[in-house]
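What follows is one structure encoded as structure tokens, with my remarks underneath.
The values are calculated or read from the model by the stated rules, or taken from the named source; none is laboratory data. Note that the coordinates shown come from a computational prediction; the quantities given were computed from them, not determined experimentally. Ideal geometry is used to build each Cβ from the backbone, glycine not excepted, and the neighbour counts take in all protein chains shown. Just so you know, the surface numbers come from the protein's heavy atoms only, side chains and all, with ligands and any DNA or RNA stripped out. Shrake-Rupley method; radii C 1.70, N 1.55, O 1.52, S 1.80 Å.
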Amino acid sequence: MKNLTNFTKDLENKKLHVTRTFNAPLELVWSTWTEPELLEQWWAPKPYIAVIQFMDFKEGGHCLYYMLSPEGDKHWCRADYLKISKHRYFTVQDAFCNEEGVTNTEHPSMHWNNQFESKENTTHVKIEISFDKVEDIQKIIDMGFKEGFTAALENLDDYLKQQLKELI
């Protein structure tokens, strides 16, 4: 059975909500979000590739990465880690930027609250993404965020299945 991504807009509160359940233990799912070599395995929707230049996963730390297109274009982003509770949640301020990590104000920035919950042999991931303006939500949607992030979460599902298969 295919795990489906639930993606909803809450325009009144300027938020996107994304949920998905993975058939994998919490510790493994958490690692795929918080360890650079694992995050690179799934974060970019194919045929893009995620390349992490720097990642310091701690409160006050940040991640600087880019999505590499098949044509060789680099789309840079920076995620600043605000709060972390291991295996429970982490929050980040995420923005498009240049290769030095300087924010590109032409694109919306987003505040992510990523929550992880273990349920039997699965992990439920609940993401709340907040925006400054309703128009910013539409801009991100128009840029293909829903399709791209859904594809990335499908990559994660495939990666987790492969990891679990190798453990057997």
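If you take the Cα centroid of the stretch 90-128 and the Cα centroid of the stretch 9-70, the two points sit 7 Å apart.
With label points built 7 Å along Cα→Cβ from the Cα atoms of Q163 and F54, find their separation and express it in nm. With each label point 7 Å from Cα toward Cβ, the separation is 2.6 nm. Computed over protein heavy atoms with a 1.4 Å probe, the accessible surface of the chain works out to 56 Å² per residue.
Within the full protein context, the accessible area of I49 is estimated at about 90 Å² for a probe radius of 1.4 Å.
Remark: for residue pairs K15/K139; K74/K133; K9/K146, the C-alpha separation exceeds 21 Å in K74/K133.
In the list (i) 63; (ii) 52; (iii) 33, the label attached to percent of Cα pairs over 24 Å apart as derived from the coordinates here is (iii).
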